[in-house]
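**Student:** This is the structure I want to talk about, given as structure tokens.
The values are calculated or read from the model by the stated rules, or taken from the named source; none is laboratory data. All values derive from a computational prediction rather than experimental measurement. Virtual Cβ from ideal backbone geometry, glycine too; neighbours counted across all protein chains shown.
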Amino acid sequence: MRSIRTLEVTTGLFVLLGVAALFYLATQTTNYRSYGGRSYQVRAFFNNVGGLHVGAPVRMGGVTVGRVTRIHYSMTRYQAEVDLLISDHYDKIPADSTAAILTQGVLGEQYIGLSPGGAPTFLHKGSTIHFTQSAIILENLLGQLLTHGSHSGK
Amino acid sequence: MKRFYALIQPFLEFCGALGRRLHFLVTSLVLVPSALARPRQFIEQLFYVGSVSFILIAVGGLFVGLVLALQFYTALSRFGATSSLGGLVTLALLRELGPVLTALLFAGRAGTSLASELGLMRATRQIDAMEVMAVDPMRRVVAPRFLAGILAMPLLAAIFSAMGVLGAYLIGIKMMGLDPGVFWSSMRHEVRFHSDFVNGMIKSLIFGVACSLISLYEGYHARPTAEGVGQATTRSVVISSMAILALDFLLTSFMY
């Protein structure tokens with residue numbers, strides 16, 4: 001009788017520890033939490049999103065305030081449409097804020113940087129960010145530099 | 001005609017072996033609900049398969065985490081990128097090392113004991129006796145062990161990865177003096193819930209099915225001699241290990 005009880009207790013302990021490890025890995029080491037919580041969605045249109053991908057952070061002054069949830073091409077505006085999910089903690093972002101696609105470091109990941117504007121109204125669920133700055137494509141930049149350089153050389 | 005038959009004989013034998021294993025897999029999967037109906041047997045098997053492997057897996061995970069962090073630290077410090085240590089170690093653990101090393105250790109620790117136990121039951125005619133008593137040995141012996149193996153594997157892999165993260169923490173923060181905030185935030189920034197954590201757990205679930213199936217099959221169909229039991233045990237480890245590594249390559253190429 002005693003041995004059966006030890007067996008049951010040990011098995012229970014093993015399962016408990018296993019589930020605890022699963023829970024710990026899922027919530028503490030992954031970005032799972034940043035998707036949770038209360039948040040609202042806004043849209044932004046860009047001419048070129050460059051290497052931006054779903055899950056990329058949205059930052060204000062270097063602080064992550066949300067994430068990119070969807071990127072697709074709008075056939076009505078002929079621009080790339082990016083859906084941003086912003087945490088409810090940051091519900092006082094001015095409506096005329098600027099969204100820019102920036103790169104972390106020289107070769108780092110791309111993210112969306114928000115710079116606050118001065119409007120008295122705030123972004124809310126479903127609103128659109130009107131002032132955007134596309135990703136800087138290194139190839140285009142180099143191309144412009146080269147053509148510009150050859151023109152000025154003559 | 002005879003010549004032709006001799007030519008395709010190995011192929012037919014291979015197909016037969018594959019078919020027998022598939023039949024074994026389907027029968028075991030169908031019997032899984034009946035194993036759940038007898039919780040006592042199932043819990044007993046979960047103890048023999050899972051709890052007894054706990055120490056091995058926990059210590060293994062801790063040391064793998066320690067070594068990974070140490071190696072990554074020396075490599076990353078050359079580029080001044082030690083800030084991404086936490087993310088890198090956790091990615092490596094969740095995606096590959098956790099599921100694969102756990103499965104290999106599981107094959108050595110629990111798989112062998114399953115194979116030799118069933119092989120000995122076969123050799124001492126216990127399985128035949130059950131059949132004579134109209135007790136289905138697949139239902140009575142194989143199903144609870146199979147279910148326990150499937151459930152234990154993801155739990156063990158999670159324990160392995162969690163201990164690995166602890167090892168990386170000990171090296172990175174306690175020994176090398178990295179900033180804890182940078183360490184943990186790089187982890188949360190790099191590791192994606194769905195593509196890294198969930199895929200890793202799916203991997204280890206599939207390894208659990210493969211590993212238990214191979215060990216049980218080899219034991220169940222062992223030749224009923226002392227030598228046969230030994231061979232079945234060896235084969236279970238060899239085939240499991242190869243299956244795990246091959247499956248890992250396949251799964252990785254599908255997932256990422």
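**Student:** What number goes with the only condition from (1) over 22 Å from B:His189 (Cα atoms); (2) at pLDDT below 90 that B:Ala81 does not pass?
**Tutor:** (1)
**Student:** One residue is enough: does the range B:48-55 have a residue meeting the conditions within 14 Å of chain A (Cβ to nearest Cβ), hydrophobic (A, V, I, L, M, F, W, C), exposed (fewer than 14 other Cβ atoms within 10 Å of the Cβ) and closer than 27 Å to A:Tyr24 by Cα?
**Tutor:** yes
**Student:** Within the group B:Thr112, B:Thr102, which residue is in contact (Cβ under 8 Å) with a residue 24 or more places away in the chain and over 30 Å from B:Ala69 (Cα atoms)?
**Tutor:** Result: B:Thr112 is the single residue among B:Thr112, B:Thr102 that is in contact (Cβ under 8 Å) with a residue 24 or more places away in the chain and over 30 Å from B:Ala69 (Cα atoms).
**Student:** Let me ask something additional. Condition first: within 9 Å of chain A (Cβ to nearest Cβ), part of a loop (DSSP other than H, G, I, E, B) and of a type outside the set (D, E, K, R). Now tell me which residues in the range B:142-199 satisfy that.
**Tutor:** B:Val191
**Student:** Just a yes or no: is a residue in the range B:216-229 part of a helix (DSSP H, G or I) and without any contact (Cβ under 8 Å) to a residue 60 or more places away in the chain?
**Tutor:** Yes - at least one qualifying residue is present in the range B:216-229.
**Student:** Whether any residue in the range B:173-189 is β-branched (Val, Ile, Thr), without any contact (Cβ under 8 Å) to a residue 60 or more places away in the chain and under 30 Å from B:Ile239 (Cα atoms) is what I want to check.
**Tutor:** Checked against the condition, which is being β-branched (Val, Ile, Thr), without any contact (Cβ under 8 Å) to a residue 60 or more places away in the chain and under 30 Å from B:Ile239 (Cα atoms), the range B:173-189 yields no hits at all.
The rows are residues; the columns are (1) of a type in the set (D, E, K, R); (2) at pLDDT 95 or above; (3) within 18 Å of B:Ala157 (Cβ to Cβ).
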site	(1), (2), (3)
B:His221	no, no, no
B:Thr225	no, no, no
B:Ala232	no, no, no
B:Arg235	yes, no, no
B:Leu250	no, no, yes
B:Met255	no, no, yes
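**Student:** Name the residue, out of B:Arg3, B:Arg95, that is away from chain A (no Cβ under 14 Å) and either outside any helix (DSSP H, G or I) or among the basic types (Lys, Arg) (or both).
**Tutor:** Step by step, each of B:Arg3, B:Arg95 is checked, and only B:Arg3 is away from chain A (no Cβ under 14 Å) and either outside any helix (DSSP H, G or I) or among the basic types (Lys, Arg) (or both).
**Student:** Out of the residues in the range B:200-228 that are away from every other protein chain (no Cβ under 11 Å) and of a type in the set (Ser, Thr, Tyr), state the one that is nearest to the chain's Cα centre (by Cα).
**Tutor:** Checked the range B:200-228; the qualifying residue nearest to the chain's Cα centre (by Cα) is B:Ser212.
**Student:** Now, a different point. Just checking, which of A:Leu114, A:Leu84, A:Leu52 is in a loop (DSSP other than H, G, I, E, B), out of contact with any helix residue (DSSP H, G or I) (no Cβ under 9 Å at 6 or more places or on another chain), away from every other protein chain (no Cβ under 14 Å) and surrounded by 16 or more Cβ atoms within 10 Å (Cβ to Cβ)?
**Tutor:** Answer to the check: A:Leu52.
**Student:** Moving on. Go through the range A:125-148 and count every residue that is assigned to a loop (DSSP other than H, G, I, E, B), surrounded by 13 or more Cβ atoms within 10 Å (Cβ to Cβ) and in contact (Cβ under 8 Å) with a residue 40 or more places away in the chain.
**Tutor:** Adding up the residues that qualify gives 4.
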